[in-house]
């Protein structure tokens, strides 16, 4: 099962052709993407409820996320070399869900290195006015972690639309 301490290796790019992926409650294993891509999938909420293992060297392309890829990365989690390309999008429509959010991980206590985000992040403007300081392109704010590059944040208020970069 995905919650086990098993190891997984991606040997080639995979095109999921728009498949809806089910959520994995907990992932404690090791996943090595070997710099390959996982393409064209939809995830209605978080793909992983929590991660305490490692995920590395994988690019997500054309993913449509309904929330962060990972809800919680624990202190033992190691996330490295994970990329979201410009064809990815993540949408946070409900203010109640907007306390902490980011494309990669919503609440991070683990190690994040060499990750990048070019995905559009769509956020309800009313929620963002309350929580804008917690929105980061890859993960929620932590004083000891910095993010390089800029992520496009797109707001979709009921009356107007605008974008800016963080």
*Kindly establish whether residue 68 is in a loop (DSSP other than H, G, I, E, B) and closer than 17 Å to residue 111 by Cα.*
yes
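Quick grid of which residues meet (1) touching a residue at least 40 places away in the same chain (Cβ under 8 Å); (2) over 17 Å from residue 88 (Cα atoms):
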residue	(1), (2)
26	no, yes
42	no, no
47	no, no
53	yes, yes
61	no, no
*For the range 30-47, name all the residues that are modelled with pLDDT under 95 and buried (at least 17 other Cβ atoms within 10 Å of the Cβ).*
43, 46, 47
*Give just the number: which of (1) in a loop (DSSP other than H, G, I, E, B); (2) surrounded by fewer than 16 Cβ atoms within 10 Å (Cβ to Cβ) does residue 16 not satisfy?*
(1)
*asked:* Give me the residue from the range 81-106 that is buried (at least 19 other Cβ atoms within 10 Å of the Cβ) and part of a strand (DSSP E or B) and, out of that set, modelled with the lowest pLDDT.
replied: 101
*Spot the failing condition for residue 69; the list is (1) buried (at least 17 other Cβ atoms within 10 Å of the Cβ); (2) closer than 23 Å to residue 13 by Cβ; (3) over 12 Å from the mean Cα position of the chain (by Cα), and only one is missed.*
(3)
*Search result, residues across the range 48-57 that are in a strand (DSSP E or B) and surrounded by fewer than 22 Cβ atoms within 10 Å (Cβ to Cβ)*: 49, 50, 54, 56, 57
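The values are calculated or read from the model by the stated rules, or taken from the named source; none is laboratory data. As the structure is a prediction and not an experimental result, all values here were calculated from the model. Glycine also receives a Cβ, built like all others from the backbone with ideal geometry; neighbour counts cover every protein chain displayed.
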